[in-house]
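**Student:** Before I ask anything, here is the structure I am working with.
Any read-out appearing in this document is the output of simple, stated calculations on the displayed coordinates, not a laboratory observation. In this text the structure is predicted, and so the values were computed from the model without any measurement. Heads up, the Cβs are rebuilt from the backbone with ideal geometry, glycines too, and the neighbour counts pull from every protein chain shown.
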Ligand code: AMP
């Protein structure tokens, strides 16, 4: 997959339209976590060394095509100005008066930030008219918003298509994401272990089937594991089971057998009588869970086995928590898997918001080789799909 990178563009003194993911949590006008803003800085600095005539655009939340002040990007502009030491000119009415004029009047210490793209219904509809208003007056287009590449939205697809192929490129974040995630689908170093968890088999089936081509071990945790155990004829009490997904599980086993991938399921559990943070945690030493109890985390023997396999692997991908990690009593499995990944000498990749949160909670995020920033986008990418936002950046 050959896509255009930032380094392929001649950006000197050019006018550059930049799609970023500045969708940060904001409470009462205050940004509570600026990770996504700081993650955009390397690309911004790279461009700013060549031109200051840039306009940044992003969505924030889901205002559904309406102007809702609580979703304004204005606080993001303030933070960007602090971090970059520049003045950020905040442009609200880019649909009525395209940004070209402001762009031409920018002085060396100023850049533009557009108000929330999703204040306009044209954004999520990939409306060509809206895209034209965004792109008007710019020479080049850069997309560094990995988490939105699976969405055919105007700022991601229609606007990009208005630039000649050699003037569109991926930013540094997107470049890294695509390189790492496509590496996992080509020739990952063996043993390659895929750790899958989370709530639903159906959400992960595409990824699992695609990665079975290269994986050696598939370790299953989370609620997903109970559907697999049930399929194997194990009694799992009141645990969450997707009874209508047994055919999907069967196809995973068929594929795994054909490709000699070992599927490993939990051997013990931590269970509770109710789905509640304060529920009493009951250790279940074997596979079977009796009626009246539901499995909410993997048990200590499973943790040990999964950690050992992660330890001997050369490549590990983890997506989806091993239990209800939001409840402290049932977070241990996820935290220990994060720990095992941090200690492993393997090339380690974590995707999906919940597993990333677990790695943060375990305090080991900085010891993971790659943390994917886009949950939905990374899953679709790992299913082997060409994302609409990547397609427009491909070299022809
Ligand atoms: P997903 O978005 O599919 O990755 O699923 C993440 C969610 O699965 C988290 O909110 C977890 O609390 C939930 N989850 C993980 N393990 C279990 C379990 N054993 N029972 C119920 N929910 C679970």
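**Student:** Once you sort the root eigenvalues of the Cα gyration tensor of segment 187-382 as a ≥ b ≥ c, which label holds: rounded (a/c under 1.5), prolate (a/b larger than b/c) or oblate (the other case)?
**Tutor:** Note, shape of segment 187-382 comes out oblate.
**Student:** Then there is this: Which order do peptides 130-136, 87-93 fall in by mean Cβ count within 10 Å, highest first?
**Tutor:** 130-136, 87-93
**Student:** Based on other C-beta atoms within 10 Å, arrange 1, 196, 294 from fewest to most.
**Tutor:** The fewest-first ordering by Cβ neighbours comes to 1, 294, 196.
**Student:** If one takes the longest principal axis of the Cα atoms in the chain, at what angle in degrees, from 0 to 90 and to the nearest 10, does the Cα axis of helix 300-312 lie?
**Tutor:** That works out to roughly 60 degrees.
**Student:** Mean-square fluctuation check for the chain, GNM, Cα pairs under 10 Å: which of 232, 189, 110 is largest?
**Tutor:** Judging by the Gaussian network model, the answer is 232.
**Student:** Once you have a ≥ b ≥ c as the square roots of the Cα gyration tensor eigenvalues for segment 129-284, tell me rounded if a/c is under 1.5, and otherwise prolate or oblate according to whether a/b is larger than b/c.
**Tutor:** Note, shape of segment 129-284 comes out prolate.
**Student:** Okay, moving on. Could you work out how far helix 201-211 tilts from the main Cα principal axis of the chain, as a 0 to 90 degree angle to the nearest 10?
**Tutor:** Around 80 degrees separate the two axes.
**Student:** Take the eigenvalues of the Cα gyration tensor for segment 6-175, scale each by 5, and report the square roots as semi-axes in whole Å, largest first. Before the final figure, lay out the partial values.
**Tutor:** Working: eigenvalues 86, 71, 49 Å².
Semi-axes, largest first: 21, 19, 16 Å.
**Student:** Moving on. Taking Cα pairs under 8 Å and at least six residues apart, what relative contact order does the chain come out at, in percent?
**Tutor:** The value is 16 percent.
**Student:** Let me ask something else. When the helices in the chain are scored as -39500 (n - 2.57) per DSSP H run of 4 or longer and the sum is shared across all residues, what 222 nm value do you end up with, to the nearest 500 deg cm²/dmol?
**Tutor:** On the way: 15 runs with 139 residues, N = 396.
Result for the chain, helices only: -10000 deg cm²/dmol.
**Student:** Quick check on packing: order 63-73, 358-368, 28-38 by the mean number of other C-beta atoms within 10 Å, highest mean leading.
**Tutor:** Ranking the peptides 63-73, 358-368, 28-38 by packing returns 358-368, 63-73, 28-38.
**Student:** Quick one: go through segment 141-162 and flag any residue whose amide nitrogen is under 12 Å from the point 7 Å out along the Cα-to-Cβ line of residue 394.
**Tutor:** In segment 141-162, the label zone of residue 394 (backbone N under 12 Å from the point 7 Å along Cα→Cβ) covers no residue.
**Student:** Out of 325, 228, 163, any idea which swings most in a Gaussian network model of the chain, alpha carbons joined below 10 Å?
**Tutor:** With Cα springs under 10 Å in the chain, the top fluctuation among 325, 228, 163 is at 163.
**Student:** Give the percent of DSSP beta bridges with both residues in the chain that are antiparallel, rounded to the nearest 5.
**Tutor:** Antiparallel bridges: around 20 percent, rounded to the nearest 5.
**Student:** Further question on the same structure: Where both residues lie in segment 6-175, what percent of DSSP beta bridges are antiparallel, nearest 5?
**Tutor:** Once the DSSP bridges in segment 6-175 are tallied, antiparallel ones form about 10 percent.
**Student:** Order these by the 10 Å Cβ neighbour count, fewest first: 203, 354.
**Tutor:** Listed from fewest to most nearby Cβ atoms, that is 203, 354.
**Student:** Highest first, please rank the peptides 276-287, 238-249, 212-223 by the mean number of other Cβ atoms sitting within 10 Å of their residues.
**Tutor:** 212-223, 238-249, 276-287
**Student:** Taking 37 °C and 0.692 mPa s as the conditions, I'd like the Stokes-Einstein D for the chain in µm²/s, using the Kirkwood hydrodynamic radius from alpha carbon pairs.
**Tutor:** Calculated translational D: 146 µm²/s.
**Student:** For segment 127-192, what is the convex hull volume of the alpha-carbon atoms per residue, in Å³?
**Tutor:** 93 Å³
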